[in-house]
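The values are calculated or read from the model by the stated rules, or taken from the named source; none is laboratory data. Here the structure is a predicted model, which means the values were calculated and not measured. As a convention, Cβ positions derive from the backbone with ideal geometry for all residues, glycine included, and neighbour counts pool all protein chains shown. SASA here: full protein model, heavy atoms, side chains in, ligands and nucleic acids out. Shrake-Rupley method; radii C 1.70, N 1.55, O 1.52, S 1.80 Å.
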Amino acid sequence: MMEGYEQAAADAAERLASAADLDAVADVEREMLGRRSTFTEAKRRLGDLDPGERAAAGRRLNAARERVEASVAAARARLSASGRADRYAAERLDLTERLPRTTVLRRGHFHPVTQARDRLEDVFVGMGYTVAEGPEVESAWYNFEALNIPDWHPARGSFDTIFVNLGESEEVMLRSHTSPVQIRVMENRKPPIYIVAPGRTFRADTADATHLPAFNQIEGLAVDRNITMGDLAGTIDEFVRAFFGGEVKSRLRPSYFPFTEPSAEFDISRPDGSWLELGGCGMVHPNVLSNCGIDPEEWQGFAFGFGIDRLAVMRHEIDDIREFVNNDVRFLSQF
Amino acid sequence: MKVLLSWLREFAPGIDGDPGALSDVLSALGLTVEEMTVTGAMPGGVVLGRVLDLRPHPDADRIQLVDVDDGSGSTLQVCCGAFNMAVGDLVPLARVGTAMPSGLEIARRKLRGQTSEGMCCSEIELDMGADAEGIMILNDRVAPGAEPGTPLAEALGLEPDVLWDLEVGANRPDALSVMGVARDLAAGLGVAFEPPDWSTPASGPDISDAADVEIVDPTLCGRFVGRVLRNAPAGSSPPWMANRLTALGQRPINSIVDISNYVMLELGQPSHTFDLGRVSGARIRVRRARDGETVITLDGQQRSLSAGDGVIADGDDGVIGIAGVMGGASTEIDAGTTDVLVEMAWWDPPSISRTAKRLNLSSEAATRFRRGADWGYNVERCMNRFVQLAVEQGAEVAPGTIDERGNLPDRGPLRVRTSRVNSLLGTGLSAEQMADHLRSIGFGVDSAGDADLDVTIPTWRWDTETETGVSEEVARLHGYENIERTVPTANEAGGLSPYQKDRRLVREVLVGAGCCEAQPMPFVAPGALAAVGLAEDGITLSNPVDDSESVLRTSLLPGQLGAVAYNQRHFNGDVRLFEIGHVYLPSPEGQLLPDEREFLAVALSGEEAPAAVAVLDLLAEALALPAVELRAAELPGMHPTRSAEVVVAGRERGAVGEVDPEVLEACGVSGRVAWLQLDLQQVLEGPRTRRRYRPVSKYPPSDVDLAFVVPDGVAAVQVERALRASAGSLLARVELFDSYRGSGVPEGSRSLAYRLRFQAPDRTLTDAEVADIRQRCIDETSRRTGATLRT
C-alpha cells in the first residue's frame, strides 16, 4: 500500500517537472522538505511504529525523500540555465546599430599639419635635439639683419615679406622664415646648441592650390666645437631615413642663402629615381654667429629648414592646400 | 639665367656630351637646372614659303585660302585660320607629310570643300615661342635673297641646340652671363676655359675731343669706362643675334639695344648708350641726387629722386639717367642719332639696390649691379665686344677710351688656413687640391707656408670675400657629394619642454573628447573683431595679400566661428572644434613687438554652456590645475548670462560659456555655440597640483542625499563650498546630481540635490556619526548661503 507521503512525492515530482520558475521550485521544496513538511511529518510518525517495522519504513521514507531532493535539484538546474538565457535574450543588442544619439563615441582629429609637425619633432628629439619656439611677429633685426641680410641685400626682395604697421617702415613684419628663432636661441644660450624650431611663417602669396600666405616651416640648428659640413649632410641623411623610411636618399646641392656659407639645397630621392627639392641648409655664416655673440673661431654650426605643410601634402596626397585653413570636418576627420 | 650650349662652347669648346649629364654637372655646381630644352630642331618639311594670293573661303568665315609658293614650281593652296599675312610675305610652311612638334602630321585634306595642301605656322606651332595669334612673318628675319623652298632652319640660321634655364643665387653675379656659366661648367668638367677677346681698328678724331666724364661721388661709382661710336647702326639685328636673344628670353628691339643686351647676356656687363649730341656739353657727371630732383626714364615715367640715389648728370648738372638702374629719355638713341657714348660702369651694390627698391624699378642691369658686377678687365673685354659688334653692323669707333676710377673694392690676397677649410667642410684636402679647385674658376692662389694659402679673389666675385666664402668654392668644386657624411655626437639629451609636452597633452585630451583641430589663418578682415564683440584694436598689416586678411587677431573667436559657419554652410551640421594658436595683443608701452601669446579655444556648436565647462573640467583634471573657479561675468563676445571668467589659482585665465547669440548671428552661425578660451601659455606656466598619494579606504562609505532650495543669487559653487566646509574630514566626495525648478520650489529659486559620500580610512562609520554630520551640513549650509533643506 502506498503511503500518503509517497503520493505527495509523486505529485511533487510532477509539479517540479512543470515548474515555470525558481519560486515554484522553492514552494515545492518547502512543502515537501521544510520544517513542517510532508516528510518531516512522516518521519515523526515513524516513532509510532513497532521497532520491527520501523527500520523498513524508515528506509522507504528516506528513498522517497531522496527522490524529491533529486527532482528539486534537477528542476533548479533546468530553471536557472533557462532563466539566464531568457534574461540575456531580453537584453540582446545589435551592436551594429550605431545611432548617433545613443552611445557612438567619436574621437576628434589632430590637424594634418600638427601631425606632420609632431612626427618631425619626435624624429629630431630622438636625435638629441630640443624644440625651440619664437614669436610670429618679428623685428627686422631677427628676421633679416642678424641673419646677415642688410637692408639693401638683393635676397630681401625674394622673401615677399608681409610687414606690420608698427615702428618704422619695414621695421616689424610677420616672420618670413623660422630662422629668427636661431638668433633668439643663440643670443640667449651658449653652445653647444642642438635645436629644431617649428612654427608658422608668412609670405605675401595669394592663396591658391599650392600656396597660402601663412604656412609652417621647421628650422634646425646645431652649434658645437667641431661641427662640419659632413655633419650637416649626415644629419640630413639620418633625418630623411628616419622620417621617410630607409629607401629614401638625400643629396646636397650648392645654393645660396645669406645666413649660411657654404649653402646648399637638399633633395630627397623619389621612387622613380628623380629628386625632389625639400629645403635649404648650410654652415652658419660667421657673421651670424658674431651677431649673436658667439666666436666663430671657437664654434661652428649648421642650419637647415624646410616646409612642414608640404610634407603633410605629400603624405596624404592632398591636392588643394587651402583645405588646411578651411577646417571642414569632412577634411579634418580623414587624418 | 638662360644659356645655350652652342654659346657656352664659344668659351670652352671642350663642353660636350649628353645634355642630361651636363645638367647634372651644372646642378652639382650650384647652377641649378630648372628646365632643359632642346631647341632649333626644326621638323624636316618646314620650308620658307611666299604668300602669292589671299582670298576668302567661299563657305567659311573663319578661314581664308592662301596660295603659297613653296619653291617647287607649283602653287599650293592652304586653308588658314589666321589673317595677319599680306601678299608677298615670307612665312613658315609645313608641307604635307611634316611631323609637327605637337605630334600632328600634316596631311592633304579638305575643309568645307576646299583642299589644303600644307600649313602656315605660328611661333607656338613650331615650338619657337609663345605666340599663337598669327602666322610668323619672316620677311625681316631671313637673309636677303632667301628663296621659297629653303628649309626653314637654314633660312633662319637655326641649329639644334640645348637651352638651360638656371637658378643663380644672389652671390653669383658672374653666373648671370654665358661666360660665367661656361667658366664654372668647364671647371666642373675639367676642360679648358678660353674666353675670346675682340679688337677693332678705330678711326676719326680721338674721344678726348668728344666727351668728358667726371666721377663726383667715388663711393657710388668705382669705374666708368666710355667709348664713342659714330654712325651707330639703326636697323634690326642680324638673324643669328636675334635668334640668340630670343632664345635667352630677350625680345630683339633694334641694333644698338640688342648689342647692349647681347654683351650683357654673354659677358655679364650691362651698358648704357647716350645720344652724345643730346648730352649737354658732352659732359657726364656721376653724383648723388638731391632731394626732389626728377628725371623721365626710358619707360616714359617721371621719377622723383631722393638724396642717396646715384644719377648721371650732364654739363648743365641736369639729371639724364638713374645710375645703374635706368637711363633717361632725354638722351635716348633715335633715328637722328649720329654719335653714341657707350657707358660701362661699376656701381656700388648697396646704392643701386636701395634706389631700385625705393623706386620699385627693376631692370636686368640693376639686377647685375646690385649683386656686384665685375670691375676688372672684363669691363674692357665687354667694351671691345660691344665695339666689335657695332662696327660689324656699320658703325665706326673713335680712338681712345675713357676710364675714370672711383673707389673699387679692395681685395688684396686673403690668407686662407687649409686646416680651417677642412674643419669647416669635414674634408681632408691638401693645400694643393684646394689650390687646384680654386684656380680652375679663376681664383689666384699662392702658397703661404705649409698649410696656408694666399688667395686672390677674382673681380667677378664681389660677394666672396672671406675664408668661408673661399671654403664654399672649394666645396663646390670638390663636390658636395664627395664630402663624407658624419653625424655629430650631441652630448645633449633631446626632448620636449614641459610646456610642449603639456600642449600635446591638451591636444590629446581634446581629440579624445571628440574635437577636431582647426587652424584658420591668423589674420582677419577689418571690422571682424568688432563683429564678435571685441575691441577693434588688432595690429594691421602694411601690405596684406588681401584686404580681408589685413588685421592680426586678438582672439581665436573670429577664426573659430568662421570655421563653424563654414561647416554649417557645407551641411556638416554641428561640429566640435579646437585650436591652439597665437594671438597678437597691442604692444605694451616701450616695446616694439606685440604682446604675442598662445591661446587655446574650444567651440562646440549646437551645445550649451555646460558642455564647454565639461571640457574645461576635463583639461583641469588632465593638467592638474589647482583651484579652477568660474566667476559669472559679462565678457566681450560672450552670452551675458551664460558665461564665466575662468580663474586658475586666483588669476583670470580665460572665459567659458556660450557665445553671444547676436555675435553668432553676425557670423552666420545658427544654433548655440559653447565656448572656452584660455591663455594657454599662462595656464601651462602657472602652478599645478602635485599628485600626492592618498590611501584608499577599505571600509564601506555612507551616502547622504541632500536637496536644498537655493535662491538664484547664490551660485551652486557657494553651496558646495559650504557643504565641504561643514562636512569635515570624513567627506570623501560631493556631487551635484540634480537641478530642478518647478512646482514645490518657490519662484526665484531652484532645488539643488547633492550626494555626499562619507568614509573613514580606518573604520565603518556608525549611523549616529553620519546623522550627526548630516545635520551639521544642513545647518551650516543654510546659515552660510540662505539655502533651505527641501523636504
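Placing +1 on the Cβ of every Lys and Arg and -1 on the Cβ of every Asp and Glu, with nothing else charged, gives region B:53-136 a dipole about its Cα centre of roughly 400 debye. Simple spin-label estimate for A:A57 and B:F83 gives 13.8 nm between the two label positions (7 Å along the Cα-to-Cβ direction from each Cα). From the helices alone, meaning DSSP H stretches of at least four residues, give me the mean residue ellipticity at 222 nm for chain A, per-run term -39500 (n - 2.57), in deg cm²/dmol to the nearest 500. That calculation yields -13500 deg cm²/dmol at 222 nm. When chain A is treated as a GNM with alpha-carbon contacts under 10 Å, the residue of A:D224, A:D23, A:D122 showing the greatest mean-square fluctuation is A:D23.
Is there a simple number for the mean count of other chain Cβ atoms within 10 Å of the Cβ of residues in A:322-331, and what is it?
Details: counts 0, 0, 3, 9, 8, 15, 9, 12, 4, 3.
Taking the mean over all residues of the peptide, I get 6.
Here's the picture: a label point sits 7 Å out from the Cα of B:R251 along the beta-carbon direction, and within region B:54-91 the residues with their amide nitrogen under 19 Å of it are B:84-85. Rolling a 1.4 Å probe over the protein heavy atoms gives region B:498-685 an accessible area of 39 Å² per residue.
The magnitude of the dipole of chain B, with charges of +1 and -1 set on the Cβ of Lys/Arg and Asp/Glu and taken from the Cα centre, is near 3420 debye.
Heavy-atom accessible area, probed at 1.4 angstrom with all protein chains present, ranks A:W275, B:W346 as A:W275, B:W346, highest first.
Between helix A:229-244 and chain A there is an angle of about 30 degrees, using the helix long axis and the longest principal axis of the Cα atoms. P(r) for region B:225-317, from all Cα pairs and a bin width of 5 Å, is 3, 11, 17, 19, 18, 15, 11, 5, 1, 0 %, short bins first.
Over the Cα atoms of region B:167-219, what is the Rg over Rh ratio if Rh follows Kirkwood?
Rounded to two decimals, Rg/Rh equals 1.20.
State log₁₀ I(q)/I(0) for the protein assembly as shown at q = 0.08 Å⁻¹ as given by the Debye formula over alpha-carbon point scatterers of equal weight, solvent excluded. Computed log10 I(q)/I(0) values: -1.04. Which FRET efficiency value, to the nearest 0.05, do you get for B:D334 and B:F571 by plugging their Cβ-Cβ distance into 1/(1 + (r/R0)^6) with R0 = 60 Å? The formula returns an efficiency of 0.35 here. For region B:445-497, the Cβ-based charge dipole about the Cα centre amounts to some 280 debye (Lys, Arg positive; Asp, Glu negative; other atoms uncharged).
Heavy-atom accessible area, probed at 1.4 angstrom with all protein chains present, ranks B:E769, B:E589, A:E138, B:E154 as B:E589, B:E154, B:E769, A:E138, highest first. With R₀ set to 51 Å, the beta-carbon distance separating A:R330 from B:S199 gives a calculated FRET efficiency near 0.10. With all protein chains in place and a 1.4 Å probe, the accessible surface of chain A carries 49 percent carbon and sulfur. A dipole drawn for region B:64-213 from +1 and -1 charges on Cβ atoms has a positive end, and of B:L158, B:A210, B:A170 the residue lying farthest that way is B:L158. Give me the one-decimal Kirkwood hydrodynamic radius in Å for region A:274-333, with the sum taken over alpha-carbon pairs. This gives a value of 14.9 Å.
Modelled spin-label separation between B:R688 and B:R55, with each label point placed 7 Å from Cα along the Cα-to-Cβ direction: 9.4 nm.
With a probe of 1.4 Å, find how much accessible area region B:414-476 has per residue, and write the answer as a whole number in Å².
37 Å²
For B:C121, the solvent-accessible surface with a 1.4 Å probe is about 0 Å², rounded to the nearest 10.
Here the relative contact order of region A:152-193, from alpha carbon pairs under 8 Å that lie six or more residues apart, stands at 25 percent. Taken as Cα centroids, region B:414-435 and region B:273-345 sit 48 Å apart, rounded to the nearest whole angstrom. Hey, if you put +1 on the Cβ of every Lys and Arg and -1 on every Asp and Glu Cβ in the protein assembly as shown, which of B:T294, A:P258, B:T331 ends up farthest toward the positive end of that dipole? Ranked along the dipole, the leading option is A:P258. Averaged over the residues of B:499-507, the number of partner chain Cβ atoms lying within 10 Å of the residue Cβ comes to 2. The slack between B:R504 and B:D131, meaning 0.36 nm per residue of separation minus the straight C-alpha distance, is 128.7 nm. For the residues of B:489-498, the average number of beta carbons from a partner chain within 10 Å of their own beta carbon is 6. Just need the Rg to Rh number for region B:8-134, please, alpha carbons only, Kirkwood Rh. The Rg/Rh ratio comes out at 1.14.
Straightening the chain between B:V216 and B:S102 buys 35.2 nm, computed as 0.36 nm per residue apart minus the Cα-Cα spacing. What is the angle, in °, between the Cα long axis of helix B:378-392 and the longest principal axis of the Cα atoms in chain B? Nearest 10 is fine, range 0 to 90. Between the helix axis and the principal axis of chain B, the angle is about 50 degrees. Working from label points 7 Å from Cα in the Cα-to-Cβ sense, the B:A307 to B:R733 distance is 8.0 nm.
With one equal scatterer per alpha carbon and no solvent term, the Debye-computed log10 I(q)/I(0) for region B:146-192 at 0.15, 0.20 1/Å reads -0.60, -0.75.
Each part gets one Cα centre, and for region B:666-682 versus region B:732-791 those centres are 35 Å apart.
When the label point is put 7 Å from the Cα of B:N491 along its Cα-to-beta-carbon vector, which residues of region A:187-207 have a backbone N closer than 18 Å? Zone members listed by number: A:190-195. In the protein assembly as shown, a dipole from Cβ-located charges (positive for Lys and Arg, negative for Asp and Glu) runs towards its positive end, and of B:P409, A:I162, A:G4 it is A:G4 whose Cα lies farthest in that direction. Two numbers describe the Cα atoms of region B:498-685: Rg and Dmax, which are 15.8, 48 Å. Taking only Cα atoms, what is the 0 to 90° angle, nearest 10, from helix B:255-267's long axis to the longest principal axis of chain B? Value to nearest ten degrees: 60. Taking the inverse of the mean 1/r over every pair of distinct Cα atoms in chain A gives a Kirkwood hydrodynamic radius of 26.9 Å. The alpha carbon centroids of region B:488-519 and region B:214-258 are separated by 61 Å. Computed over the alpha-carbon pairs of region B:268-406, the distance histogram in 10 Å steps reads 12, 43, 37, 9, 0 percent, short to long. Each 10 Å bin from 0 upward holds the following percent of the Cα-Cα pairs of region B:103-232: 8, 18, 22, 25, 17, 7, 3, 1.
To the nearest hundred square angstrom, how large is the accessible surface buried between A and B, total for both chains, probe 1.4 angstrom? Mind showing how you got there, number by number?
Working: alone 19380 and 37840 Å², together 50070 Å².
Approximately 7200 Å², summed over both chains.
The alpha carbon convex hull volume per residue for chain B rounds to 287 Å³. Taking every protein chain into account, the 1.4 Å probe leaves A:R315 with about 140 Å² of accessible area, to the nearest ten.
Using every pair of separate Cα atoms, the Kirkwood estimate puts the hydrodynamic radius of region A:196-335 at 16.6 angstrom. The heavy atoms of A:H316 present about 60 square angstrom of accessible area, all protein chains included, probe 1.4 Å. Considering the zone a paramagnetic label at A:R67 would reach in this model (a point 7 Å from Cα along the Cα-to-Cβ line), which residues of region A:12-45 have amide N under 12 Å from it? It comes to A:12-14, nothing else. Here's the list of aspartates and glutamates a cross-link from B:K357 could span, going by alpha-carbon distance under 14 Å and ignoring same-chain residues fewer than 8 apart: A:D151, A:D160, A:E170, B:D309. These residues, B:L618, A:L232, A:L46, go from largest to smallest accessible area, 1.4 Å probe, as B:L618, A:L46, A:L232.
The portion of the accessible surface of chain B made up by carbon and sulfur, rounded to a whole percent, is 48 (1.4 Å probe; DNA, RNA and ligands excluded).
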